[in-house]
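The values are calculated or read from the model by the stated rules, or taken from the named source; none is laboratory data. Quick caveat: nothing in here was measured; it's all calculated off a predicted structure. All Cβ positions, glycine included, derive from the backbone under ideal geometry; neighbour counts span all protein chains shown.
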Amino acid sequence: MNNMQTVGVTNSKQHMRIAAIASMKRGLEQFIYRELTYLEGTGASINLFPTKSNPGLYNPRETWNVHSWSPLRAILLQPFFFLCSPIRYLQLLWHAIQMRAIVDFIIAWDFSRKMANVDVIYATFGDHKFFVGYFCKRILEKPLAVTIHAYELYCNPNPQLFKRALQQCDQVITVTEHNRETLASEFDVEPTNVEIVRYSIDTEEYRPEKKFVILIVAFFVERKGHEILFRAIRQLDNPDVEVWVVGDQGVEGSPVDVKGIARELGIESQVAFFGKLSGTALKAVFHACDVFCLPCRFDSSGIAEGFPNVIIEALAVGKPVITARHVEIPRILDEILVDENDVDGLAQAINDVYESDSLRQRLSQQNREIAEQVFSAANVKKTARILAQLVSGENEPFGSDHLHTQQEVPSRVGVNG
């Protein structure tokens, strides 16, 4: 397991087969995913039985056996389950009716088909996952454990069955001392029968560290140059450098699989994808980064940039900018520019900025001044004047605009300093 601490267990518990009942309403909860991953790291095999099955941020690992249930199949198989074990089926059916838990009962019978070879049933929450596990235990006569987190104690979907299942459970686990006290006072569970297992985290993966953050904000299209940046990052081979990617597929055709490029180049651990951001969230990543990079270029259809607005935003917040000698950009910026598609040059430019605090400070001040002088909101006054001339009929030749260029676009400040 990458970046995974191994939890010590005795040899007798190696290769334990766990039937984990969890919800995947929007994928797995992060802490459930982490716990099951750690359990697998001890040598256990994970058989996942999701009560809901939808993708999310944390999805089952490829090494886990996932056994989803189908409502139609589960209902159609009930006569078969009755024929296999008529007395037990009818006893549990009557119990489920009394407890108002017919759906949990039906799911449990469906899951039980795939649980015959597991060693232990583990309900990851004390709600419907626990109730399904409770019926599975009654069907298969296998040990049942449950972890109680919090909401189950205060807003349980079936308090009556919760109390009954706690009495029948072979091991109750909870994450806090307070929960154990609540289980004792509200649900009559002996404190000595409850184990406290606090949440776990890989302290090697999560540790204090300072990253040099490169921000790119762009739609996932060829001319934005994500691939060039990623290849430069791979060439640098510096684990302290991290790329923050803001953006997603735009309205244009032929989007680039930016996540796929990061994966193919083996730099996934150095790239964080934020999706689309705007407003305060977008400004926050601009303020937090160390340098902004947009290695834009002509795409294979010959389409170029105008002047990227995200570069203007980076200049305005006073960030060093690394970009390409592309169309209009060299008319505004002298540094730091590299040739289009120049992976070596981009890697060197990033390394220069990474290694020099003084260079970053100088570029920060310089770029803020460029933004104030060249890209202020006063530029809109020119558009207003042009529109007003059209309305009034005072048609000053638009071609004369070049006469105002030197006055309205001041010379760059300190770009050679």
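Against the numbered list (1) part of a helix (DSSP H, G or I); (2) more than 14 Å from Cys136 (Cα to Cα); (3) aromatic (Phe, Trp, Tyr), Tyr58 comes up short only at (1). Candidates Ala324, Ala288, Ala304, Ala347: the one that is in contact with a Gly (Cβ under 8 Å, 6 or more places away or on another chain), within 28 Å of Pro255 (Cβ to Cβ) and in contact (Cβ under 8 Å) with a residue 60 or more places away in the chain is Ala324. Screening Val120, Val146, Val103 for residues that are buried (at least 23 other Cβ atoms within 10 Å of the Cβ) and of a type in the set (A, V, I, L, M) leaves exactly one candidate, Val146.
When the residues of the stretch 149-180 are filtered to those that are surrounded by fewer than 14 Cβ atoms within 10 Å (Cβ to Cβ) and of a type in the set (Asp, Glu), the one that is nearest to Lys114 (Cα to Cα) is Asp170.
Criterion first (under 30 Å from Gly275 (Cβ atoms), in a strand (DSSP E or B) and not acidic (Asp, Glu)) does Val213 satisfy it? Outline the logic, then answer.
Working: under 30 Å from Gly275 (Cβ atoms): yes; in a strand (DSSP E or B): yes; not acidic (Asp, Glu): yes.
In short, yes.
In summary, Phe187 fulfils each of the numbered conditions (1) touching a helix residue (DSSP H, G or I) at 6+ places or on another chain (Cβ under 8 Å); (2) farther than 30 Å from Leu93 by Cβ; (3) among the hydrophobic types (A, V, I, L, M, F, W, C) with the single exception of condition (2).
Which of the following residues is crowded, with 21+ Cβ neighbours inside 10 Å and modelled with pLDDT of 95 or more: Ile196, Ile267, Ile233?
From the options Ile196, Ile267, Ile233, the qualifying one is Ile233.
The single condition among (1) assigned to a loop (DSSP other than H, G, I, E, B); (2) surrounded by 12 or more Cβ atoms within 10 Å (Cβ to Cβ) that Phe274 does not satisfy is (1).
When Val380, Val374, Val343 are checked against the criterion of being under 24 Å from Gly225 (Cα atoms) and of a type in the set (A, V, I, L, M, F, W, C), a single residue qualifies: Val343. Would you check if there is a residue in the stretch 364-375 being within 19 Å of Phe286 (Cα to Cα), of a type in the set (Val, Ile, Thr), touching a Lys or Arg at 6+ places or on another chain (Cβ under 8 Å) and part of a helix (DSSP H, G or I)? Looking through the stretch 364-375, at least one residue is within 19 Å of Phe286 (Cα to Cα), of a type in the set (Val, Ile, Thr), touching a Lys or Arg at 6+ places or on another chain (Cβ under 8 Å) and part of a helix (DSSP H, G or I). For the stretch 66-98, taking the residues that are in contact (Cβ under 8 Å) with a residue 40 or more places away in the chain and within 21 Å of Tyr122 (Cα to Cα), the one that is nearest to the chain's Cα centre (by Cα) is identified as His67. Screening the stretch 19-39 for residues that are over 12 Å from Gly56 (Cβ atoms) and β-branched (Val, Ile, Thr) and picking the one that is nearest to the chain's Cα centre (by Cα) gives Thr37. Checked across the stretch 373-388, the condition of being modelled with pLDDT of 90 or more and in contact with a Leu (Cβ under 9 Å, 6 or more places away or on another chain) holds for at least one residue. Return the residue satisfying two criteria in turn: it lies in the stretch 277-295 and is of a type in the set (Val, Ile, Thr) and assigned to a helix (DSSP H, G or I), and of such residues it is surrounded by the most Cβ atoms within 10 Å (Cβ to Cβ). Checked the stretch 277-295; the qualifying residue surrounded by the most Cβ atoms within 10 Å (Cβ to Cβ) is Val285.
Tell me, which residue of the stretch 239-258 that is part of a loop (DSSP other than H, G, I, E, B) and in contact with a strand residue (DSSP E or B) (Cβ under 8 Å, 6 or more places away or on another chain) is surrounded by the fewest Cβ atoms within 10 Å (Cβ to Cβ)? Per the stated criteria, the residue is Asp240. In summary, Lys224 fulfils each of the numbered conditions (1) among the basic types (Lys, Arg); (2) in contact with a Phe, Trp or Tyr (Cβ under 7 Å, 6 or more places away or on another chain); (3) buried (at least 21 other Cβ atoms within 10 Å of the Cβ) with the single exception of condition (2). Of the helices (runs of 4 or more DSSP H) lying entirely inside the stretch 301-361, none contains at least 2 residues that are modelled with pLDDT of 95 or more, crowded, with 20+ Cβ neighbours inside 10 Å and aromatic (Phe, Trp, Tyr).
What are the residues in the stretch 109-129 that are part of a helix (DSSP H, G or I) and either out of contact with any strand residue (DSSP E or B) (no Cβ under 8 Å at 6 or more places or on another chain) or free of Cβ contacts under 8 Å to residues at least 40 places away in the same chain (or both), if any?
Trp109, Asp110, Ser112
Out of curiosity, is Arg368 within 18 Å of Phe307 (Cα to Cα), surrounded by 12 or more Cβ atoms within 10 Å (Cβ to Cβ), modelled with pLDDT under 90 and out of contact with any His (no Cβ under 8 Å at 6 or more places or on another chain)? If you could, list the steps in order and put the result at the bottom.
Details: within 18 Å of Phe307 (Cα to Cα): yes; surrounded by 12 or more Cβ atoms within 10 Å (Cβ to Cβ): yes; modelled with pLDDT under 90: no; out of contact with any His (no Cβ under 8 Å at 6 or more places or on another chain): yes.
So Arg368 fails the test.
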